[in-house]
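All remarks here apply to the structure that follows.
The values are calculated or read from the model by the stated rules, or taken from the named source; none is laboratory data. Since the structure is predicted, the reported quantities are computational estimates derived from the model, not experimental observations. Neighbour counts run over all protein chains shown; Cβ positions are idealised from the backbone, glycine included.
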Amino acid sequence: MSRIAKPGMHFVGGVAGLALQVTKTGGRCWVLRATIAGKTRDMGLGGFPDVTLADAREAARRAREKIRQGIDPIEERRRAQEELKLQKSRAITFKKAAEKYIEIHEPSWRSAKHGQQWRNSLATHAYPKIGDMLVKDIELSEVLGVLEPIWRTKTETANRVRGRMESILDWATTSRYREGLNPARWKGHLENLLPAPGKIKKGQHHPAHPIDAMPAFMQDLRSAAGLGARALEFAILTAARSGEVRGARWTEIDLKAGLWTVPSERMKAGKEHRVPLSTAALRLLQELPRMDGTDLVFASPRRKPLSDMTLSAVTRRLGVDAVPHGFRSTFRDWAAERTVYPSEMAEMALAHTVGDKVEAAYLRSDLFEKRRRMMDDWAAFLERSPLPAEVVDLGERRAAG
């Protein structure tokens, strides 16, 4: 065949219509000329010498057999090529799908921290196992491969990773990158293979400070220098979350009305929260220096919000086995054990969702003025004369045993 050099079609026999086509540039390829549905058409069978004469004859015979069966081999090949192109266009790895999902949904999340938590948890637990896999190939075994190693030791993290995997794979299905049921779904699926998170390990509460030890602690806290100490003091007086306090701005505070309005975008529940400020809280704010170039109430030297570690460092420095968030639990215990204020009011002070949907529909007021009296009582309790250490210790041992 290499001796054939004249451009044109050179029929070689063995199968009707099989020819070696030589181009003007000297290229050679096998062609089957056949009548398909009443039309004469040429079907390429590959180039010479990569495809030998014997291979070309075998391919031509298979094509002729399909034509006899009423199948158009040229159209069949075209559809196969289009399907291959379509499959390639739909090919996306789990990591790429996760990045696209986060990019789309991150603007609707409350803070950049939430997006970073997604990235960190997936990078640590999911990407090493399935990050480079195509989402269409991820099945139950791959999902379990991510979850099982951490399901009992890091249950809360594992459950979050599962939920994030489920959301990403749902997005991939809707975007036509995969088909079938979601292998990361919990109900009716993984719940049959993994123990329920709540039955493995109860959520750990943030370490709280004993109620009767609070006046003495507040006395020490007020004596401590630094903006971190003032931020922690303000957080305790308002029963607010650390992040809400560290992000507080002067424009949110009405000193005259004794009101701090935390906007919805900075609240965990995504709902605006009004905080009544006690006399002690107002006095603390009035004594704070204002920093030029920032509206933050508690700003770092770089005019950025204080870090959560700054407040935690204050408790460690004062020798207290509690975290900033734990003082919210202390406030809740105080309201339940030392006052007659309704539990709903204390929950509102903590910006927790109150009751079910029916109860919430009737309880439309945030009980602001009543909560003001409660926060005044809380501040007064914190400012009272501390109990002797031995009395506090006795109370703790009685409560424990």
**Q.** Subset of region 42-72 [closer than 14 Å to ALA16 by Cα, surrounded by fewer than 17 Cβ atoms within 10 Å (Cβ to Cβ) and in contact with a Lys or Arg (Cβ under 9 Å, 6 or more places away or on another chain)]
**A.** ASP42
Q) When both residues are 6+ apart or on different chains and their Cβ atoms are under 6 Å apart, which pairs have a first residue that lies in region 208-233 and is assigned by TED's automatic domain parsing to the domain that holds ASP321, and a second that is among the charged types (D, E, K, R) and surrounded by 19 or more Cβ atoms within 10 Å (Cβ to Cβ)? A) LEU221/GLU233
Q: Looking only at region 92-123, count how many residues are modelled with pLDDT of 80 or more, of a type in the set (Gly, Ala, Ser) and part of a loop (DSSP other than H, G, I, E, B).
A: 0
**Q.** Unique match (being in contact with a strand residue (DSSP E or B) (Cβ under 9 Å, 6 or more places away or on another chain) and among the small types (Gly, Ala, Ser)) among ALA91, ALA126
**A.** ALA91
**Q.** Subset of region 318-342 that is outside any loop (DSSP other than H, G, I, E, B) and loosely packed, with under 14 Cβ neighbours inside 10 Å - its residue that is farthest from the chain's Cα centre (by Cα)
**A.** ARG338
Q. Does PRO276 fit the bill of being under 29 Å from THR353 (Cβ atoms), at pLDDT 90 or above and surrounded by 14 or more Cβ atoms within 10 Å (Cβ to Cβ)?
A. yes
Q) Does ARG78 satisfy being more than 30 Å from GLY188 (Cβ to Cβ), among the charged types (D, E, K, R) and in contact with a Ser or Thr (Cβ under 8 Å, 6 or more places away or on another chain)? A) no
Q. For the subset of region 1-41 comprising residues that are among the charged types (D, E, K, R) and out of contact with any Phe, Trp or Tyr (no Cβ under 7 Å at 6 or more places or on another chain), which member is surrounded by the fewest Cβ atoms within 10 Å (Cβ to Cβ)?
A. ARG3
Q. With ALA126, ALA112, ALA60 as the choices, which residue is under 30 Å from THR25 (Cβ atoms), among the aliphatic types (A, V, I, L, M) and not assigned by TED's automatic domain parsing to the domain that holds GLY247?
A. ALA60
Q) What do you reckon, is SER89 within 30 Å of VAL161 (Cβ to Cβ), at pLDDT below 85 and among the hydroxyl-bearing types (Ser, Thr, Tyr)? A) yes
Q) Has region 261-272 got any residue that is assigned by TED's automatic domain parsing to the domain that holds ALA380, in contact with a strand residue (DSSP E or B) (Cβ under 8 Å, 6 or more places away or on another chain), closer than 24 Å to GLU347 by Cα and assigned to a loop (DSSP other than H, G, I, E, B)? A) yes
Q) So, in region 200-233, of the ones that are polar (S, T, N, Q) and at pLDDT 85 or above, which residue ends up surrounded by the most Cβ atoms within 10 Å (Cβ to Cβ)? A) GLN219
Q) Out of all the residues in region 155-185, which are surrounded by fewer than 17 Cβ atoms within 10 Å (Cβ to Cβ) and either farther than 21 Å from GLN117 by Cα or more than 16 Å from the chain's Cα centre (by Cα) (or both)? A) THR173, THR174, SER175, ARG176, GLU179, GLY180, LEU181
Q: Pull up region 293-307, narrow it to residues that are touching a Lys or Arg at 6+ places or on another chain (Cβ under 7 Å) and surrounded by 13 or more Cβ atoms within 10 Å (Cβ to Cβ), then point me to the one that is farthest from ALA240 (Cα to Cα).
A: THR294
Q | Candidate set: region 274-317, residues that are of a type in the set (Asp, Glu) and outside any loop (DSSP other than H, G, I, E, B); chosen: the one farthest from ASP254 (Cα to Cα) | A | ASP308
